[in-house]
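Structure record follows, encoded as structure tokens.
The values are calculated or read from the model by the stated rules, or taken from the named source; none is laboratory data. Only a predicted model underlies this, so the values are computations on that prediction, with no experimental measurement involved. When we count neighbours, we look across all protein chains shown, and the Cβ atoms used for this are built from the backbone with ideal geometry, even at glycine.
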Protein chains: 2
Amino acid sequence: MATEYQPPVADYAFLYGEAFGLDVVARATGGELTAEDATDIIAGAGEFAASVLAPLQEAGDREGARLVDGDVRLPAGFAEAYRAFVEAGWVTAEAPVSAGGDGLPGSVRAGLGEIWNASNAAFALCWLLTAGQIHALDAAASDALRETYLSKLVSGEWTGTMNLTEPDAGTDLGAIRTMATPREDGSYAIRGQKIFITWGDHDVAENIVHLVLARTPGAPDGAKGLSLFVAPRVLVNPDGTLGARNAVTTVALEHKLGIHGSPTCVLSYEDATGYLVGELGGGLAGMFVMMNSARIGMGFQATGIADRALQQAQAYAADRIQGRVLGRDGVAPIAEHPDVRRLLLSMRSDVFAMRALGVYVADLFDRAESDPALLPLAEFFVPILKGWATENAVALTSDAIQVHGGMGFIEETGVAQHYRDARIMPIYEGTTAIQSNDLIGRKVIRNQGATAAELFAQVEQTVADLRAVAGAADAGAAAGDEGATAGATGAVAGRAADRLERAAASARRATADLIGFAESPRDAHAVSVPYLMLLGVLAGGWMHGLAVVAVAAHDDAAAEDAGRLTLADFYGAHHLPRVHALAETVASGETA
Amino acid sequence: MATEYQPPVADYAFLYGEAFGLDVVARATGGELTAEDATDIIAGAGEFAASVLAPLQEAGDREGARLVDGDVRLPAGFAEAYRAFVEAGWVTAEAPVSAGGDGLPGSVRAGLGEIWNASNAAFALCWLLTAGQIHALDAAASDALRETYLSKLVSGEWTGTMNLTEPDAGTDLGAIRTMATPREDGSYAIRGQKIFITWGDHDVAENIVHLVLARTPGAPDGAKGLSLFVAPRVLVNPDGTLGARNAVTTVALEHKLGIHGSPTCVLSYEDATGYLVGELGGGLAGMFVMMNSARIGMGFQATGIADRALQQAQAYAADRIQGRVLGRDGVAPIAEHPDVRRLLLSMRSDVFAMRALGVYVADLFDRAESDPALLPLAEFFVPILKGWATENAVALTSDAIQVHGGMGFIEETGVAQHYRDARIMPIYEGTTAIQSNDLIGRKVIRNQGATAAELFAQVEQTVADLRAVAGAADAGAAAGDEGATAGATGAVAGRAADRLERAAASARRATADLIGFAESPRDAHAVSVPYLMLLGVLAGGWMHGLAVVAVAAHDDAAAEDAGRLTLADFYGAHHLPRVHALAETVASGETA
């Protein structure tokens, strides 16, 4: 039995209003929305998710999606939940104003993304892909396509999919063989097989819009020959009503380790009708808008699944009595056992770091719209967020099982589902290796570490801020006018400054080592994942450093703040030291 | 589709004959068996496992054990496989001579243990528990019990189980409530419920011997009041023939994340007949013999499951073509991609370290029989082997999925089963936290780090040996009489010496830090798992160091040796640096 979902409203209130030293929501919206408004939105979404989506999570896993006479049937309750989701406006909330959506700032959409995924990751994938397609069509579609398809996606009436992978074209999209042959009426006949199509067929909405990467006759080999097409499940009449079924069929449904409620389809296109999106040969660039959106979305999914597993572990550990607890009198729950407490703090401190980085990156993209100089740093963070957060989430769900002991291995307990669901995250939307190649190739080596240096400089600014906090606490204590809380804040800030400074130094060294491999690319690529993880762990430590600075500036919520200090201190002792080990690995290059 | 199982015969030949600088099998058997004989045994077991056990692994997962009208039915083929296993003598092979077994040395039983688990972990659990019970009864049972029960276990006719856990007594065995009330005939009436009983009921042998921890009337509270009982599934007549069913019933079968072929039972004892083993109140000590055996066995299971997952990943990566491989001409399989190669080397170097430590520890127990001064070090390694190897195996099976990309998440691929199966290992037979408490409490703090210092001194001896290898290679190169291989050996040995020396220094510091927490036990226990993992990673590096020294001493198999050098070098660059990060964590104690 999964525990009830508790939306992390207090964390988002802190992240929106305090963590980054100002109200990021007000900055992003020119004051139209404030952190307080955004927190209300998060609370509302959390309530919806807890009451409508979360109750379907386990049943979705047990029942799973089924293929019945060629059509996919989703688990009981999914269609009703989707209707409620649309009616509550949560699809439109994701869409930009230019596409007819609410245009919520990225920081708020980050919170929503986490909440949908935490409450029901299998369900949330539908939303995630539709949202990604909305961004892709908004960037590249003609007015006619916008009117016919984009508007229906934004309203939530139809859902979207991403069709890239083929049996012999996974990571290597240049090998795609699906053909799109032009017809006289301006449409294309699409023929080929696509695999691993998430929500590729279902019965929760009246139509599905497939965004398909395909090759046109005579197009060059490789990725340059790919174009992007919209192909609906059901054809649309000129008057906008639905017509006949398009020639795309679901030939199989995958039997997966997890996310059973999310149908993963093999789709066969048999001269299905499609419409070109953007320019011929611009397919990869067009799809990249959707992929980038999906990769950032994976960061939110990782945080969501990890937090849900953490919540279940916390609830179990708070309830379960077993053995005498060291250093505690009387009966205490296992949450008080030193090692169970370690596991819970490990998970909590990581979840906070992932959540905070998600908000930071989403907000950075918003800021980059008016200040393009920020775009490289925003894009730098995409592979880090996707790679580090999803790898973390797998480890976190494993820890959540461990907290349960033997009960964690029993399916009915419910925590094993998170472990199974999480495992796909470091694979889909580009494996961790793909993320790390993007990171070191396009974003580190190409500009000689300039963007990485920006990050390190910001981390070092936070080190200076932490030292100021520690110094002020010392000065206050010397003057005898300090309470215990400020003393603790100062001590934590001092330790955080020392640890973060050393971590940044290791990261600078690793970056120089990596750039030193520019002439022997296999050396760089053989340690690209360790390098990505290093930057992720460092970024997480930075987020905790910012939190400590914010806590010192806002001493109005002592208890809540003490929790944040504990998490920051724990992260510095248990997670951040990995940076040094990873830096040593990066320096080694490829083992001969 | 799982790939065919390839028993690691070459590795065992190396471990038995070369890795530890002498023939460990000949030493253990006074020359009765040699490394060559032992390797033949391993090869024979491997052939049996590959042809009889491995083919049932996937079907066992899919079909699983079922409870039918109160009796457990195992998947198709399990009963036939068990009969073949017994007839081939593999149960008797495990038993000591004193119990009527073959008395194979520990190093050979380590290899067998790995092989049974690699080929079919669910099946192997039956063997593992029977073997553990054989050791427990051999140590404590009366002649009558030996004759009636032990002989049937050693012949393989009956199988054994371990009955400890109850709903409110998991980690805390002192809370056990099952009662054993003496009867006039000298037997006991056992009443209570036991959960998580592995192979607690099945249809592959004619009887099952339950070893039950229970409390007697008037016994003291806590663990001191526990005694050990043998309770058969079917009662045994005075003439040794089977009689009526005993009053123990299977009330439920758990629905688990993995090892579906292994029945996990809830057993209800309703005044079932049992017989005291050893002294009243000596239950925990008696069970500890079985538990110790099972914990070491978990090290072999971890190696086995990890190696099987690795084999599958290697086979997939050697076969799958995808994308252009950096720095390689023409078409190359994904195994050549730098990051796939990293994942495979990471797994291979860890599996070798786990396998080598398993042989080392098993052999150390043999040596301790004639030299009790070695016993503390042997026992020191039990929690490390169990904790580190099983945690590693979980991570390794995750890596094996990652190598497969999207296919890894599809159940039919078969690799996800290893990921599911592996997850129980850090939990059963004592969680990692239980192992780490045993390690720091009984084996480090109690003797002020004396045993740990023995280990570090041995590691440092290997550092000196590695320096000698590096020096000899340098001298040879200077004299101009060295081939490329010896030069590479020298370079790897030099790096290994440096890395291992620093790792040992970090481990010494961490041990001193831990002992420094003696007065604040929560600080020690809050970092006990990181400390255990530190020692495991160090021990793994030591095993690789020994391998490099052995390779330098035997330059007759250059290609095979080059592989060992690569693994050692990789381990030093990718795994060993974790020691420093973990040492920093250990120093931090409990986060306030």
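Return the pair list, or none, for Cβ contacts closer than 7 Å from residues in segment A:32-48 that are within 16 Å of A:Glu18 (Cβ to Cβ) to residues that are among the aromatic types (Phe, Trp, Tyr) and buried (at least 22 other Cβ atoms within 10 Å of the Cβ), at least 6 apart or on different chains.
Listed pairs, sorted by first residue: A:Ala35/A:Tyr16; A:Ala38/A:Tyr16; A:Thr39/A:Tyr12; A:Thr39/A:Tyr16; A:Ile42/A:Tyr12.
Within segment B:425-451, track down each residue that is in a loop (DSSP other than H, G, I, E, B), at the interface with chain A (Cβ under 9 Å from one of its Cβ atoms) and in contact (Cβ under 8 Å) with a residue 60 or more places away in the chain.
Those that are in a loop (DSSP other than H, G, I, E, B), at the interface with chain A (Cβ under 9 Å from one of its Cβ atoms) and in contact (Cβ under 8 Å) with a residue 60 or more places away in the chain: B:Tyr428, B:Thr431.
Return the residues of segment B:162-214 that are assigned to a strand (DSSP E or B), closer than 30 Å to A:Val403 by Cβ and of a type in the set (Lys, Arg); say none if nothing qualifies.
B:Lys194
The rows are residues; the columns are (1) assigned to a helix (DSSP H, G or I); (2) within 23 Å of B:Gly200 (Cα to Cα).
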| residue | (1), (2) |
| --- | --- |
| B:Ala13 | yes, no |
| B:Arg27 | yes, no |
| B:Leu33 | no, no |
| B:Ile42 | yes, no |
| B:Gly46 | yes, no |
| B:Ala79 | yes, yes |
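State whether one or more residues within segment A:362-374 are crowded, with 21+ Cβ neighbours inside 10 Å, more than 14 Å from chain B (Cβ to nearest Cβ) and small (Gly, Ala, Ser).
yes
Hey, among the residues in segment B:172-191 that are surrounded by fewer than 20 Cβ atoms within 10 Å (Cβ to Cβ) and within 13 Å of chain A (Cβ to nearest Cβ), which one's farthest from B:Glu270 (Cα to Cα)?
In this case the residue turns out to be B:Asp172.
Looking only at residues in segment B:234-256 that are within 31 Å of the chain's Cα centre (by Cα) and either within 14 Å of chain A (Cβ to nearest Cβ) or free of Cβ contacts under 8 Å to residues at least 60 places away in the same chain (or both), which one is nearest to B:Asp271 (Cα to Cα)?
Top of the filtered list is B:Val248.
Looking for whichever is buried (at least 23 other Cβ atoms within 10 Å of the Cβ) and of a type in the set (D, E, K, R) here; the options are A:Arg341, A:Arg324, A:Arg328, A:Arg308. Which one fits?
From the options A:Arg341, A:Arg324, A:Arg328, A:Arg308, the qualifying one is A:Arg308.
Tell me, which residue of segment B:215-233 that is touching a residue at least 40 places away in the same chain (Cβ under 8 Å) and part of a strand (DSSP E or B) is nearest to the other protein chains (Cβ to nearest Cβ)?
Per the criteria, the residue is B:Leu226.
Quick one: what pairs do we get from segment B:148-170, first residue free of Cβ contacts under 8 Å to residues at least 24 places away in the same chain, second of a type in the set (A, V, I, L, M) and surrounded by fewer than 24 Cβ atoms within 10 Å (Cβ to Cβ), C-beta under 6 Å, 6+ apart or different chains?
The qualifying pairs are B:Asp168/B:Ala175; B:Ala169/B:Ala175.
Collect the residues in segment A:212-242 that are of a type outside the set (Val, Ile, Thr), under 18 Å from A:Gly278 (Cα atoms) and in contact with a Lys or Arg (Cβ under 8 Å, 6 or more places away or on another chain), keeping them in residue-number order.
A:Arg215, A:Gly225, A:Leu226, A:Ser227, listed by residue number.
Any residue at all in segment A:286-307 that is part of a helix (DSSP H, G or I), hydroxyl-bearing (Ser, Thr, Tyr) and under 17 Å from A:Phe123 (Cα atoms)?
There is at least one residue in segment A:286-307 that is part of a helix (DSSP H, G or I), hydroxyl-bearing (Ser, Thr, Tyr) and under 17 Å from A:Phe123 (Cα atoms).
Here is a check on your reading of the model: is B:Arg324 within 13 Å of chain A (Cβ to nearest Cβ), modelled with pLDDT under 95 and within 26 Å of A:Tyr531 (Cβ to Cβ)?
yes
Taking the conditions exactly as written (touching a Phe, Trp or Tyr at 6+ places or on another chain (Cβ under 9 Å), more than 30 Å from B:Gly540 (Cβ to Cβ) and without any contact (Cβ under 8 Å) to a residue 40 or more places away in the chain), does B:Ala88 satisfy them or not?
In short, no.
Have a look at A:Ala505, A:Ala497, A:Ala518 and point out the one that is more than 11 Å from chain B (Cβ to nearest Cβ), out of contact with any Pro (no Cβ under 8 Å at 6 or more places or on another chain) and without any contact (Cβ under 8 Å) to a residue 12 or more places away in the chain.
Result: A:Ala505 is the single residue among A:Ala505, A:Ala497, A:Ala518 that is more than 11 Å from chain B (Cβ to nearest Cβ), out of contact with any Pro (no Cβ under 8 Å at 6 or more places or on another chain) and without any contact (Cβ under 8 Å) to a residue 12 or more places away in the chain.
Under the condition of being in contact with a Ser or Thr (Cβ under 7 Å, 6 or more places away or on another chain) and in contact (Cβ under 8 Å) with a residue 40 or more places away in the chain, which residue from segment A:323-353 is farthest from A:Ala10 (Cα to Cα)?
A:Leu345
Here is a yes/no grid of residues against (1) farther than 16 Å from A:Val579 by Cβ; (2) surrounded by fewer than 18 Cβ atoms within 10 Å (Cβ to Cβ):
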| site | (1), (2) |
| --- | --- |
| A:Asp438 | yes, no |
| A:Lys443 | yes, no |
| A:Arg446 | yes, yes |
| A:Ala450 | yes, yes |
| A:Leu455 | no, no |
| A:Ala470 | yes, no |
| A:Ala473 | yes, no |
| A:Gly487 | yes, yes |
| A:Arg502 | no, yes |
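Check whether at least one residue in segment B:521-540 is among the charged types (D, E, K, R) and within 12 Å of another protein chain (Cβ to nearest Cβ), and report yes or no.
Checking segment B:521-540: at least one residue is among the charged types (D, E, K, R) and within 12 Å of another protein chain (Cβ to nearest Cβ).
Among the listed residues B:Leu253, B:Leu257, B:Leu235, identify the single one that is aliphatic (A, V, I, L, M) and surrounded by fewer than 17 Cβ atoms within 10 Å (Cβ to Cβ).
Exactly one residue qualifies, and that residue is B:Leu235.
Quick check on segment B:239-260. Is at least one of its residues outside the structural domain of B:Ile208 (by TED's automatic domain parsing) and among the acidic types (Asp, Glu)?
Checked segment B:239-260: no residue is outside the structural domain of B:Ile208 (by TED's automatic domain parsing) and among the acidic types (Asp, Glu).
So which residues in segment A:406-429 are crowded, with 24+ Cβ neighbours inside 10 Å and not aromatic (Phe, Trp, Tyr)?
Residues satisfying the conditions are A:Gly408, A:Val415, A:Ala416, A:Gln417, A:His418, A:Asp421, A:Ala422, A:Arg423, A:Ile424, A:Met425, A:Pro426, A:Glu429.
Considering only segment A:107-128, I want to know if a residue exists there that is part of a helix (DSSP H, G or I), in contact with a strand residue (DSSP E or B) (Cβ under 6 Å, 6 or more places away or on another chain) and away from every other protein chain (no Cβ under 14 Å).
Yes: one or more hits.
Could you please give the count of residues in segment B:382-409 that are within 9 Å of another protein chain (Cβ to nearest Cβ) and over 15 Å from the mean Cα position of the chain (by Cα)?
Looking only at that region, the number is 10.
If B:Ser51 satisfies all but one of (1) surrounded by 14 or more Cβ atoms within 10 Å (Cβ to Cβ); (2) assigned to a helix (DSSP H, G or I), what's the number of the condition it fails?
(1)
Sort through B:Val548, B:Val529, B:Val579 and tell me the only one that's closer than 20 Å to A:His580 by Cβ and touching a Leu at 6+ places or on another chain (Cβ under 8 Å).
B:Val579
Which members of segment A:413-424 meet the condition of being in a loop (DSSP other than H, G, I, E, B) and within 10 Å of chain B (Cβ to nearest Cβ)?
Scanning segment A:413-424 gives A:Arg423, A:Ile424.
So which of B:Val415, B:Val492 is under 30 Å from B:His337 (Cα atoms), of a type in the set (A, V, I, L, M) and not assigned by TED's automatic domain parsing to the domain that holds B:Phe570?
Among B:Val415, B:Val492, only B:Val415 is under 30 Å from B:His337 (Cα atoms), of a type in the set (A, V, I, L, M) and not assigned by TED's automatic domain parsing to the domain that holds B:Phe570.
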